[in-house]
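S.K.: Take a look at this one; I'll ask things after.
Quick note: the coordinates plus some simple rules give every number you see, no bench work behind them. Keep in mind it's a predicted model, so treat the numbers as computed, not measured. Every residue, glycine among them, receives a Cβ derived from its backbone with ideal geometry; neighbour counts consider all protein chains shown.
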Amino acid sequence: MAQGRFLTGGTMGHVVRMTATGAMGITFVFLVDAANLFWVSQLGQPQLVAAIGFAYAVQFFSVSIAVGLMIAATAVISRSIGTGNRDQARRQAGAAVVISVSILTFVILLIVGFRHQLVGFTGAEGETARLAARYLGITIPSLIPMSAALVLSGTLRADGYGAKAMYITLFSGMVLMVVDPVLIFWMELGLDGAAYGLVLFRFALLALAVYFAVIQMQLVERPRLRTMRNIAGPFMVVAGPAIATQMSTPAGNYLLTIVMARYGDEAMAAWAVVGRLTVVVFGGVFALSGAIGGIFGQNYGAGQMDRVRSTYRNALLFCLIYTLVAWGLMLIATPHVIAAFGLTGVGRDVIGAFTLVGVGGFVFIGALFVSNAAFNNLGRPAWSTLVNWSKDGILSFPAAALLAGWFGATGVIYGQAVAGAVMGVIAATWGWFYVKGLRGPQDAPLDPAAARAYPTPD
């Protein structure tokens, strides 16, 4: 039986390699998404950009569920690989795809049916609300194939094939980069063209994920009914907290959108740009959390706790260096970003606050992501849920509302940074003491269902 790729070699090398490939893929996708917003902004109607911002606040929920299922799949599969049970890993991958698609189908039906009400709750009104709901109606169903693609990408990362996982998003992003201006300008579809481009992108993700994970690497076994019955329960024991953890971010974003909406379309246009800039600039930090999950999982499954601890340390160091570099670059780029998206009035102030304070706050938010990866893959996924909801569900909204009362729209950015700093320090410290105290898989007892999903070595 082939040994897991992360069980030997320097852990910093694994962290950098997996994060670099993950970051290149995810950053390119988000860069293309930002380009999508840029093309729409060139139509000269801030209302269209604001509509995408409102739609993003709603769509973020379903995307986060899909990401949570991917994280759970990576955790479960990498643990099985660490114990040498690759047949079980293949069965788990197949089951994870079916579970993910089933759950997302149910969620999408709800969002499509209630999209007008959900958009209205964010504070959108009139034509802006109608456009946001229309954008959701076109794009939301395509999250079903995207959910399957994410699980397959997570399967590749769990087995150490970071480059192939990167190709999935990189090549699909190229498709979107080409079709977006064609649909938006040449075919004169405007906002609808941006939505259709996103749908094509998500189907391209699925096609490439199936090719690399299923056809080329043969990492996925077609799930039988008996396999589904045996794996679905244990998998959801892990997936439930992971989904709950991921849901905290869109919940926090939704609440902050409500606060920002009070300041008009100019502020909301800037908020939409902030959302895209966040994922573009910090693609490496977002990728870090998913990329190191397989490293944690394989070494944990093999009982190599010294490598688990060094992975945690190196991930924190990588995150710190990455964030400081990104902060400096964003400060330099601020006037260019404002000019490129045609932001005016309060929108300029929001972007300035983000590059000066909000970006710096990711020093702490990144540390929180590292602790999330540790908790999710080392037997304590509920702890990730706790720290994330403490930040997004308890601290962010009151901090943003309070500071917005003092500073206006820029206070939303300040409140988000304060909440991230407080919980980032707490989560990173908690995660370190937990990892430091582990002596073997037996030190993190799981309930019987989770134990079947997370087998320990003989």
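S.K.: On C-alpha positions alone, give me the angle between the axis of helix 46-82 and the longest principal axis of the chain, in degrees, nearest 10.
M.R.: 0 degrees
S.K.: Still on this structure, please answer the following. Quote the convex hull volume per residue of the range 112-222, based on C-alpha atoms, as a whole number of Å³. Spell out each step's value before the answer.
M.R.: Numbers: hull volume 13.0 nm³, N = 111.
That works out to 117 Å³ per residue.
S.K.: Then there's this: Just in the range 354-442: which trypsin sites (Lys or Arg not before Pro) are loop by DSSP and have at most 12 other Cβ atoms within 10 Å?
M.R.: On the way: sites: K391, K436, R439; in loops: R439.
Taking the range 354-442 and a limit of 12 other Cβ atoms within 10 Å, the loop trypsin sites (Lys or Arg not before Pro) found are R439.
S.K.: Between L317 and I394, what FRET efficiency follows from the Cβ-Cβ distance if R0 is 30 Å, with the result rounded to 0.05? Provide the component values of the computation, followed by the final result.
M.R.: On the way: r = 29 Å, r/R0 = 0.96.
Calculated transfer efficiency: 0.55.
S.K.: Relative to the longest principal axis of the C-alpha atoms of the chain, give the angle of the C-alpha long axis of helix 410-437, reported between 0 and 90° and rounded to the nearest 10°.
M.R.: Roughly 10 degrees between the two axes.
S.K.: Of the options G303, L48, F354, report the single residue whose Cα projects farthest towards the positive end of the charge dipole of the range 11-453 (beta-carbon charges: Lys, Arg +1; Asp, Glu -1).
M.R.: G303
S.K.: About its Cα centre, what dipole magnitude does the chain give when the only charges are +1 on Lys and Arg Cβ and -1 on Asp and Glu Cβ, stated in debye to the nearest 20? Provide the component values of the computation, followed by the final result.
M.R.: Details: 27 positive and 17 negative charges, 276 e Å.
I would put it at about 1320 debye.
S.K.: Find me the longest stretch of the chain that has none of the exposed GluC sites (Glu not before Pro), where exposed means in a DSSP loop (not H, G, I, E or B) with at most 16 other Cβ atoms within 10 Å.
M.R.: On the way: sites that count: E125, E188.
Here the longest segment lacking exposed loop sites spans 189-458.
S.K.: Would you calculate the separation in nanometres between label points at Q47 and H116, each defined as 7 Å from the Cα along the Cα-to-beta-carbon direction?
M.R.: Taking the two extended label points, one gets 1.8 nm.
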